Every structure is written in C-alpha cells, then in structure tokens.
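Heads up, the thing below is written out as structure tokens.
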Amino acid sequence: MFNFWKKKKEETTDFEIKKDNFQNKNENGIQSGENSSLSDDLENKENKNQSAPFSFLKNALAKTSDTLIKGVVGLVSSKDELDEFTLQDIEDALIKADLGIDLSLEIVENIKKNKVPPSALKSHLKAYFEEMLSYAGSSNLSYADNLLNIYFVVGVNGAGKTTFIGKLAHKLKQEGKKVLLCAGDTFRAAAEEQLDIWSKRANVDIVREDGAESAAVVYKSIEKAKNENYNVLIIDTAGRLQNKFNLIEELKKVKSVIDKKAPDANFESLLVLDANLGQNGLSQAKVFKEAVEITGAVLTKLDGSSKGGVIFSVAKEYQIPVKMVGLGEGIQDLKEFIPKDFIEAIF
Ligand SMILES: Nc1nc2c(ncn2[C@@H]2O[C@H](COP(=O)(O)OP(=O)(O)O)[C@@H](O)[C@H]2O)c(=O)[nH]1
Ligand SMILES: [Mg+2]
C-alpha cells in the first residue's frame, strides 16, 4: 500500500494502488463489476483525491533528496578518490542537509575508515542510512484491537499537533474505529476551538471543557472513552516552551492521570516535530523527553521542506522511531512512515 514512496523506481502511481485497494474491496463482496458506474465514480474520486497529496509527497522528498543525496554524491562525481578536502566538503553538505554535526562527523569517519571509493559512495550511504533508521525500532503506530488505544500528542506550539490529530482521527475513523478527541490544550480557547473544528471535519467526538485544567479534561475523556467503548482516544496538549517548568509539570500531571485511570490502555506518546525546524526542532524535543517517555515521532510539514534528513537524527541520536509524516494541511495529508520505502525514494 505504501509503494508510493518508490514511484520513481517502479513507475507506480498512488491512484493505481488505490484502485487495487478498491478491487480488493470488491473481492470482499462489495458491489462491483466491470460496468459498474458506482465503481467508476469511486475510482474517479479516488484519482482526484489522491493526485494532489501524491505530488506533495514527491515534492517533499525531492527537496530532501536534492540536499541529502545529490548534494553529497554530486561532490564526488568527478573524483578518483576521496581526499581530505572532499571529505570535508561531504561533511559540510551533510550538516547543511540537517543531519546534525555529530551524525555528519560519524558518517564521514565511517567513509574514511572503510576507504569508500567515490563510485561506491551512493550505495554505501544508502546502506548506512537504512541501518540508522533501524536503530529506532518499529515504525508502526501501535494499535490493540481489544483495548482502549491512547495517543498522547506532545510538541512545541506550531509544530502541527492539532492538525496531525485531525488527520489521524480521520484516518482511524475511515478504518471503522470509534475515535474520541480530548482538547487537552486548555491554555488558549482558540486551541480548543481548532480541535473542535477538526473533530467535525473528521466526524469524531470530542471532550472539551473550556477553562478547565488539562488534567481534568483528560480525566473526563478517559472516563467517557471507557464507559462508551471507544477504540481510540487522542489527547491534544499545550506546547508553550516559554515556561518550560510549567510545561513539564503539566505534561507529567496529565501522564499520571492516564497511568492511574487507564493502566491497561495501549499507550503511545507521540512527539510532533516540524520538519522545517530540522535540528532546532530536535533540541526542543529534549524538553518533552524530560516530561514523558516518547514512543514515536511524527514529522510534519515535510511538504516543501529540504530538511527531511532530520529523520536520521531522530532515529539514531534520539532512538525514536518516526511513525508518521505530515505532507500538507489537508485531512488526507498524513502517511505512515515506512523506512525502507523512504530510503528508496530519496536515493
Ligand atoms: N504545509 C503543512 N502545514 C502544516 C502541516 N501540519 C500542520 N501545518 C500547519 O502548521 C500550523 C500549525 O499547526 P497546528 O496543528 O496548529 O500546530 P500545534 O500548535 O502544534 O497544534 C497550521 O497553520 C497548520 O495548518 C503539514 O504537514 N504541512
Ligand atoms: Mg494545537
């Protein structure tokens, strides 16, 4: 299903894949047939819906690919061997591609140690990058069929938390799950309003208590989720870094409410990171790690960003698996992150 990352390689298009999905549905007994106008209609709709996100995706990865792969491999195309100057240039290019200083140094050291010839640099990097992503563990968003699944979403203001929650709610709802949102960013009324709008868009329920404390709203939402047998509860949070102490205390408090009220839940704490911030975003991430153990990252705004290389830092230095990526502001612009396919697409 996620072959779209590999489009360039395999000449597959997203809507072809969607078409396959639709045909599978037909095999499962939904009305179909070659002459069915219903199926034609649906296919046309799918094609229209998918063409925009698909070009976003190609763009997103093209910029990251330009800086990270072309920018680095291009340096050695006319060289017979990797001298000190060229290695320095490679290091600079990696830092520019937002891999971070430590990781960039490590990669160059590794190239040196292995005496990689220029002609093998690309394949060497490919294997190295693949290995880096494997450090961070599973990339699947964990979901348990018979439990309440709680996704606790944290990150700095503006990173894209609320938008991500809206998109994820839509995705899960489409999959037939009963989804509840919790407006846990109680600092500004506008934040609750924004989540409310997303809940309507995604057609899912919301618990909202304007003026209440975050922990109190979370408490209520867990009660509702349990009493009414929801499959998924997604909790929005505030991300004001201006007052780091309060932020950490608030998140810890909310987390302890979750631990007490829903000890059996299948739980993920997801750190939302703005891809455009690159390494800067990552240093902010440290604050959230102090408050709560992070089980996965969501990289938003990959559309148009040239800093997708930050994914490798998240995985290798922070050992956090990237689980999903945001590719635009639309409700459909969210994709699961498949490390191998991501690598194929950028190389
Ligand atoms: N281009 C783009 N914009 C995004 C994406 N995700 C969020 N945004 C925008 O980023 C801004 C901040 O998002 P918001 O969800 O309010 O962030 P929050 O403060 O962390 O909740 C909004 O204008 C969103 O529309 C994305 O994947 N791509
Ligand atoms: Mg928000």
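Just so it is clear, none of the values below were taken in a lab; they were calculated from the coordinates. Predicted model, so just to flag it, every value in this text is computed and none were measured. Cβ placement follows ideal geometry from the backbone for every residue including glycine, while neighbour counts extend to all protein chains displayed.
Quick notes
- Contact order normalised by residue count of region 183-256, Cα under 8 Å, 6+ apart, percent: 34
- In this structure, the amide hydrogen of G308, modeled 1.01 Å from its nitrogen in the peptide plane, lies closer than 5 angstrom to those of T64, counting only residues at least 5 positions away or on a different chain.
- Ordering of 281-294, 167-180 by burial proxy (mean other Cβ atoms within 10 Å per residue, highest first): 167-180, 281-294
- Antiparallel bridge percentage (DSSP; both residues within region 235-347; nearest 5): 25
- Peptide ranges 246-259, 60-73 listed from the most packed, as the mean C-beta count within 10 angstrom indicates: 60-73, 246-259
- Packing, as the average of other Cβ atoms within 10 Å across residues, places the peptides 140-150, 331-341 in the order 331-341, 140-150, highest first.
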